[in-house]
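One structure is given below, encoded as structure tokens.
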Amino acid sequence: MTGGGRESEGGEEEVRGARRIPGPRGAADDLDLASVPLPPLPPPGGSAPDEAVPEQSQPASASASGDAPESDAGEPEPDLGPGPAAEAWPEPGPCPEPEPGPEPEPEPADGHPHPAAPEPEPAAPAAEAWPEPGPGPEPADGTPEPPAPDPLVSSAPVVLPHQVLKALLGAWALSACSAEETAAVEEHLTGCAPCADEALRLRDAVGLLHTDGSLDLDPTLRTRVLDGCFGRRPARIPVPEWAAPYDAETARLDALLRDIGDSEWHAPVRLQWFEEERRVSRRTTVAGVIGHLMAVDGLLSAALGLDDPLDGGKAPLDPTERTETYWSATRRPPTRAVREPWRAQSHELIRTASFAGRNVAETSVSYGAFALPLQDAALDRAFECWVHGGDIADAVDYPYPAPSAAHLHRMIDLAARMLPAALAGRRSAGLAGPAKDLVAAGAPGRSLHLEIEGHGGGDWYIALDSPAAVGAPERAVAQVALDGVEFCRLVAGHISPVEAAAGQEGDREAIRDVLFAAASLSRL
């Protein structure tokens, strides 16, 4: 090894440890700003960064330090004169002895000294962060190395097997997966139909876990489940279509009764209906309402040859009188024990109607002052079961939605078919205006267009002058628009006829007569 090589190595150590005048170029010129964050700028007059050190030569070092004597090893003594770089060191002193480094490369053939190889130290700021102060060589200008940038996180989705992704569907539905797992699951759902179906079912189930939403089931759920079961395996003896609303409403009310506690069976319930021109109410309990339903359902039981809970030979036929008879015959206030006989009676009615076949639908059921065929009587009982189920739900603070649209439409249709007779009865009692245009039975007469909007809606034309006339659009003299549920509340006597109609047009007297006739259909 030549002396030039040692001098070059010693000159490098001199430059690293000495306080010297800053180089002619600024610090920003030597850094790759696109890949490395800029370090904090030194005070005015600071020295150049480390990258400039290998470019310095021995004459430049000697010029900066003056006539500095060399040591026995041929290395110049460092200049410890004052300078801005001294502030970066904890205490001034001589530079530490250089650590043994790799052998320098041989000089080139042209005789010019080869720059000394840098020592193996973390000198490049872009490679790694500068360690905490400790033993070992440090930068010559005293400027600490900037911290290394955070490692980049790959945005590519995680590749997971099918079984793992299937197991993550529950966590994905609950939004409990990490970002990488979420990306992997959603990538998988685009190509796997069974997992996509399962994910949709799980996401729908998560909606039931929210406390701010109602946990009550869709009123059409039971019908849809039964339809699905019968579609796969039809019943040998199906429930008649006309008995389906009664079957559904008794099942919904029974589900409500199963949910309430013993004390709530004695909660006060106010039953409301209209008599002539005024509203009438009666106070009872939840158990009393179920007893009332059981007493009136006994009319259908008697028509089908079943046992009447009130002894059909002696009990009156009028629904109000039957209810009063049942309540007065009860020695003690009814409790939840009344539920089982009521439910057994409803099951027996549906079973008997199903086994009886089609001919039983026209069997007459007497209500005392009037009679209905069994298919309409079952629809009437379904309507009253829903109305009184709502009364119970209000008493115990329980949500109770309306029936399905198909069943509600049937109930509205029954009320619309009963309106001409109710209107004629009120006219006979002097509570409605006189007939203005009498026509033959079955001929179109003056009509009111009843437009039911929303749930279970449709259009009906109510004959105004005679129950035997036929309502026709071309003879309509008035129109009334009502919401489906609101119309049912009017028929049940829960709202006043004056407040019922949302839209009215045409003959004002005809509109008033029809609205009050609808309210007169209500009873206990």
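The values are calculated or read from the model by the stated rules, or taken from the named source; none is laboratory data. Just so it is clear, the model here is predicted, and its values are computed rather than measured. As a convention, Cβ positions derive from the backbone with ideal geometry for all residues, glycine included, and neighbour counts pool all protein chains shown. All accessible areas refer to the heavy atoms of the entire protein, side chains included, with ligands and DNA or RNA removed. Shrake-Rupley method; radii C 1.70, N 1.55, O 1.52, S 1.80 Å.
Pairs please, first residue from the range 431-446 and free of Cβ contacts under 8 Å to residues at least 24 places away in the same chain and open to solvent by less than 30 Å² (accessible area, probe 1.4 Å), second anywhere and assigned to a loop (DSSP other than H, G, I, E, B) and aliphatic (A, V, I, L, M), Cβ atoms under 8 Å, 6+ apart in sequence or on different chains.
From residues that are free of Cβ contacts under 8 Å to residues at least 24 places away in the same chain and open to solvent by less than 30 Å² (accessible area, probe 1.4 Å), there are no pairs.
Taking the range 461-476 on its own, how many of its residues are in contact (Cβ under 8 Å) with a residue 24 or more places away in the chain and either crowded, with 18+ Cβ neighbours inside 10 Å or under 33 Å from the mean Cα position of the chain (by Cα) (or both)?
Result for the range 461-476: 9.
Can you find a residue that is closer than 29 Å to Arg258 by Cβ, aliphatic (A, V, I, L, M) and in contact (Cβ under 8 Å) with a residue 60 or more places away in the chain anywhere in the range 307-317?
Taking every residue of the range 307-317 in turn, none turns out to be closer than 29 Å to Arg258 by Cβ, aliphatic (A, V, I, L, M) and in contact (Cβ under 8 Å) with a residue 60 or more places away in the chain.
Could you list all residues from the range 349-370 that are among the small types (Gly, Ala, Ser) and more than 17 Å from Met411 (Cα to Cα)?
The answer is Ala353, Ser354, Ala356, Gly357, Ser364, Ser366, Gly368, Ala369.
In the range 381-417, what count of residues is obtained for those that are open to solvent by 50 Å² or more (accessible area, probe 1.4 Å), part of a helix (DSSP H, G or I) and more than 18 Å from Gly457 (Cβ to Cβ)?
1
Output the residue which, of all residues in the range 314-358 that are of a type in the set (S, T, N, Q) and within 25 Å of Ser281 (Cα to Cα), is least open to solvent (accessible area, probe 1.4 Å).
Thr323
What number of residues within the range 492-524 are touching a Lys or Arg at 6+ places or on another chain (Cβ under 8 Å), more than 19 Å from Met411 (Cβ to Cβ) and crowded, with 18+ Cβ neighbours inside 10 Å?
The total comes to 3.
Which one is least open to solvent (accessible area, probe 1.4 Å), of the residues in the range 275-313 that are in a strand (DSSP E or B) and over 13 Å from Ala395 (Cβ atoms)?
My answer is Val280.
If Asp483 satisfies every condition in (1) without any contact (Cβ under 8 Å) to a residue 40 or more places away in the chain; (2) open to solvent by less than 20 Å² (accessible area, probe 1.4 Å) but one, which is the exception?
(2)
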